[in-house]
Amino acid sequence: MKVLLIMADAQMHKYHLGSHVRSAREAPLSLSTLAALTPDQPDVEYELVDESIDPVPLDRAVDLVGISVLTGTSRRAYALADHFRARGVKVVLGGAHVTLLPEEARQFADCIVVGMAERTWPRLIADFKAGALAPEYREPPPTSDLAEGIPTPRWDLTRLSGYMVPYTVHATRGCVHSCDFCSVKGIWSRFQRRPVADVVRDIAAVPARRFVLNDVSPFDDVEYAKELLTAIIPLRKTWGGLATSRIADDPELFDLLVKSGCRFLLIGFESVNQTALKSIAKGFNKAASYDVLVRRMREARIICQGCFVFGFDHDQKDVFDATVEQVQALKIDIPRYSLYTPYPGTRLFDRLHAAGRILSYDWADYDTMHVVIRPKHMSPVELYEGFRRAYRETFRFRNILARTFSVGRNFPIALSGNLTYRLFVSRLQRSRGFQMPLPHRAATRRELSATSL
Ligand code: B12
Ligand code: SF4
C-alpha cells in the first residue's frame, strides 16, 4: 500500500542552489511522526513531500494521500486535495487547521483527522486497508500527559539536505500560557509532556551533533524542563529551540540550558510596551528586563532570535520606530517582525470578528505577513508600511553589524541569519503595498481552494 504524505507549501525562507532548495528552518515533524506510527504494518510504504522544498508528484500512482494543513497553507492544501480526489485517490486531511476548523476541511477530504494522530492514524490505515475508511477520526481532548512509547520520527524518509537542521525532536505539546492571538490552546487544549526517557531515546538516535526541539514552550514547566535538560547533558549534543522570556527567571534552569548544549533560542518578546503585553495575556513578559535576558544569552553564547508583533490595540503610530530602536539597543541577534493575526479558534479571532474588524477571511493571508485586521490607532496601510519600514531599517547593513559584530564565535551564524532576512526584506519592499482584501466575508468553497497547481 502506497501512502503519499504532503505538507503544503508554506512559502518559507529558503535558499536556491541551482535546482537544489534548502529551507532556512528545521525539518518539521508532522509527516515523519505519522510515518513512524505503523511499524506493525510493514506493507505500508510512505513517501514524504514537503512542498516548501520539493514539488508534489501530482501524477504519482498511490493508494492514499495525507495532507498536513496549517491555516496559512490551507488554500494550497485544499487545491492539492481537489486534484488527487479528481484523480480518484482518497485524501485524508489533518494538522493544526483541520483541528481548528474541521467542518471547513471536511468539504475537501474523504476523511479528516482532528487532533493528534498517534492513536488514530494506525486505526485509520487498518480501516482503509479493510475498505472501511471512516469520514472522521478524532482524538478526544487529552486528560493526562503523553503516553510513553511514541516512536522516534522517520527522519530517514525526509530529504535531509532540504533543511538547515534536518533532525527535530519534540518533548511536549501545547503551552501553559494562553496568549490571545495564539492557536496553540485551540490545537492542544492541555500542556502535555512526554516521558523524559522517550525524549532522550530520540535525541540519542539523532545521527548528528545538532538537533532542534520544536516545542512551542517546553521550559515553562520548570521542574520537567530541569529533569529533561539534566538528562540531555550526557548526550553532548548542541541544539536550538523556542522559549519564553521566563527562562531568565530561574538561574538553575538557565545554567542547565547552557550545559545541555543550547546554542539558539527563538523568544516571543512580542512588544516593548508592557501595557500591550498585558492586553494580549502575555504580561509574564517583562519588557523592562529584556536586556537582562538578552545579555545573559549573549554571555552564554546562545543566539537570540527575537520576535515582535505589530498591530496590537495598544500600538500607536510610533510603535515601529520605538521597536526598532529597542531591537538595536538590546542587540537582538536575529530580529523578526510579524503582524497581529487572528487565527481561527483564538479569543482574538472571536473578538475582532464580533467587532467587524477582520478585513480578510482568506486564509492564504494568514501568514503573519499580511494585514488582515483593522488596527485601532492607525489605518491598515499605515500598519503595513510601518511593518515594512521596521524590516528595512532593522536589516540595513550598519544596523546588522551594530547588533552582531560583538557576538564572538556566533558572528557567522548571526550574520547569515540576518542576510537571509535581508533577502526577505528586498522581496517585501518589492511587493505591492497593502491592498484592501476581498472578500470581506467568509470565503466560499471555491475561494478556499482557489490556486493553480
Ligand atoms: C515546524 C513548524 C513550522 C514549519 C513547518 C510547518 C508544519 N506543517 O509543521 C514551517 C517553517 C513551514 C512553519 C511555518 C509557519 N508556522 Co509553524 N510551526 C511549526 C512547529 C514549531 C512545529 C510543527 C511540528 O513539527 N509539530 C510536531 C508534530 C508532531 O505535530 P503536528 O504538526 O501538529 O502533527 C500532529 C497532528 O497535528 C497530526 N497531523 C498533522 N498533519 C497531519 C496530516 C495528516 C494527513 C494526518 C492524518 C494527521 C496530521 O498528526 C501529527 C501527530 O500527532 C509548530 C508548533 C508545534 N510544536 O507543533 C508551529 C505551528 C504549526 N506554526 C504555526 C504558525 C502560525 C506558523 C507561521 C504563520 C509562522 C510564521 N510567522 O512564519 C508559518 C505559516 C506560514 C504559512 N504560509 O502558512 C502555528 C499554526 C497556526 C495555524 N493555525 O495554522 C503553530 C501551531 C505554532 C503556534 N504557535 O501557533 N511552521
Ligand atoms: S507563550 Fe507562546 S506558545 Fe504559549 S500561548 Fe503564548 S504565544 Fe502561544
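The values are calculated or read from the model by the stated rules, or taken from the named source; none is laboratory data. As the structure is a computational prediction, the values presented were derived from the model and not from experiment. Note that we place each Cβ from the backbone using ideal geometry, even for glycine, and neighbour counts take in every protein chain shown. Each accessible area value is taken on the protein alone, full model and side chains, heavy atoms only, with ligands, DNA and RNA left out. Shrake-Rupley method; radii C 1.70, N 1.55, O 1.52, S 1.80 Å.
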Failed condition for residue 444, given (1) open to solvent by 60 Å² or more (accessible area, probe 1.4 Å); (2) in contact (Cβ under 8 Å) with a residue 60 or more places away in the chain; (3) within 26 Å of residue 182 (Cα to Cα), with all others met?
-> (2)
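Going by the conditions given, is residue 178 within 15 Å of ligand 1 (Cβ to nearest atom), among the polar types (S, T, N, Q) and at pLDDT 95 or above?
Yes: the conditions hold for residue 178.
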So residue 167, is it more than 11 Å from ligand 1 (Cβ to nearest atom), buried (at least 19 other Cβ atoms within 10 Å of the Cβ) and modelled with pLDDT of 95 or more | yes
Take residue 409 and decide whether it is in a helix (DSSP H, G or I), charged (D, E, K, R), open to solvent by 20 Å² or more (accessible area, probe 1.4 Å) and farther than 25 Å from residue 95 by Cβ.
-> yes
Is it fair to say residue 217 is crowded, with 19+ Cβ neighbours inside 10 Å, assigned to a loop (DSSP other than H, G, I, E, B) and of a type in the set (Gly, Ala, Ser)?
-> yes
Strands (runs of 3 or more DSSP E) contained in segment 1-77 and holding at least 2 residues among the charged types (D, E, K, R) and open to solvent by 40 Å² or more (accessible area, probe 1.4 Å) = 20-26, 45-50
Which of the residues spanning segment 277-304 are in contact (Cβ under 8 Å) with a residue 40 or more places away in the chain, in contact with a strand residue (DSSP E or B) (Cβ under 9 Å, 6 or more places away or on another chain) and under 20 Å from residue 177 (Cα atoms)?
-> 280, 282, 285, 290, 293
Could you check, for segment 357-366, whether at least one of its residues is outside any loop (DSSP other than H, G, I, E, B) and either closer than 21 Å to residue 322 by Cβ or over 21 Å from the mean Cα position of the chain (by Cα) (or both)?
-> yes
Taking the options 115, 66, name whichever one is among the small types (Gly, Ala, Ser), at pLDDT 95 or above, in contact with a Gly (Cβ under 8 Å, 6 or more places away or on another chain) and not assigned by TED's automatic domain parsing to the domain that holds residue 366.
-> 66
Kindly indicate which of 349, 320 is in a helix (DSSP H, G or I), within 16 Å of ligand 2 (Cβ to nearest atom), among the aromatic types (Phe, Trp, Tyr) and in contact with a Phe, Trp or Tyr (Cβ under 7 Å, 6 or more places away or on another chain).
-> 349
Taking segment 301-355 as the search range and keeping residues that are out of contact with any Lys or Arg (no Cβ under 9 Å at 6 or more places or on another chain) and charged (D, E, K, R), which one is farthest from residue 285 (Cα to Cα)?
-> 350
Kindly indicate whether residue 211 is of a type outside the set (Val, Ile, Thr), buried (at least 19 other Cβ atoms within 10 Å of the Cβ) and part of a loop (DSSP other than H, G, I, E, B).
-> no
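Would you confirm whether or not segment 270-291 contains a residue that is at pLDDT 95 or above, on the phi > 0 side of the Ramachandran plot and open to solvent by 20 Å² or more (accessible area, probe 1.4 Å)?
So far as segment 270-291 goes, yes, one or more of its residues are at pLDDT 95 or above, on the phi > 0 side of the Ramachandran plot and open to solvent by 20 Å² or more (accessible area, probe 1.4 Å).
What are the residues in segment 181-192 that are of a type outside the set (A, V, I, L, M, F, W, C), under 16 Å from residue 98 (Cβ atoms) and either more than 11 Å from ligand 1 (Cβ to nearest atom) or assigned to a loop (DSSP other than H, G, I, E, B) (or both), if any?
Correct list: 183, 189.
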Is it the case that residue 373 is open to solvent by less than 10 Å² (accessible area, probe 1.4 Å), touching a Lys or Arg at 6+ places or on another chain (Cβ under 6 Å) and farther than 30 Å from residue 236 by Cα?
-> yes
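With respect to residue 209, determine if the residue is out of contact with any helix residue (DSSP H, G or I) (no Cβ under 9 Å at 6 or more places or on another chain), in contact (Cβ under 8 Å) with a residue 40 or more places away in the chain and of a type in the set (Lys, Arg).
no
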Considering each residue of segment 78-103, count those that are in contact with a helix residue (DSSP H, G or I) (Cβ under 9 Å, 6 or more places away or on another chain) and either of a type in the set (Phe, Trp, Tyr) or open to solvent by 30 Å² or more (accessible area, probe 1.4 Å) (or both), and give that number.
-> 3
Among the candidates 178, 161, which residue alone is within 16 Å of ligand 2 (Cβ to nearest atom), among the hydroxyl-bearing types (Ser, Thr, Tyr), open to solvent by 40 Å² or more (accessible area, probe 1.4 Å) and assigned by TED's automatic domain parsing to the domain that holds residue 193?
-> 178
